[in-house]
1. Of all the residues that make up the stretch 43-63, how many are loosely packed, with under 14 Cβ neighbours inside 10 Å and in a strand (DSSP E or B)?
2. Give me the residue from the stretch 50-101 that is in contact with a Phe, Trp or Tyr (Cβ under 8 Å, 6 or more places away or on another chain) and β-branched (Val, Ile, Thr) and, out of that set, modelled with the lowest pLDDT.
Amino acid sequence: MGDPGCDNDGVSPTPAQQAQAARIAAGLAATGFALPGTLTERMTRCGHPGCRCHADPPRLHGPYHQWTRKIAGKTVTRILTDDQLADYQPQISGSECGARR
């Protein structure tokens, strides 16, 4: 159990703390060894009603590898090819995907 006097759940970081975190992340990214963001693997449905992804049971499209990060305060997501995944995965902090080659 944590210190009962330090209940920080639901407390947002101060602007100074956010700026410090951004400087640290930028410094790490500049080293060439780490990229900010999260790597996820997604399975999706398309918009075609007769497609296999709408069957019972559904066979979804994918997996698609998405790299999500913040740029200038906005969330940016990029779909990665298998080759890009192999190149970027070791460098992306918070990686959730298993290695696929």
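1. Looking only at that region, the number is 3.
2. Ile92
The values are calculated or read from the model by the stated rules, or taken from the named source; none is laboratory data. Because the structure is a prediction, the values reported are computed rather than measured. Here Cβ is always computed from backbone atoms with ideal geometry, including for glycine, and neighbour counts include all displayed protein chains.
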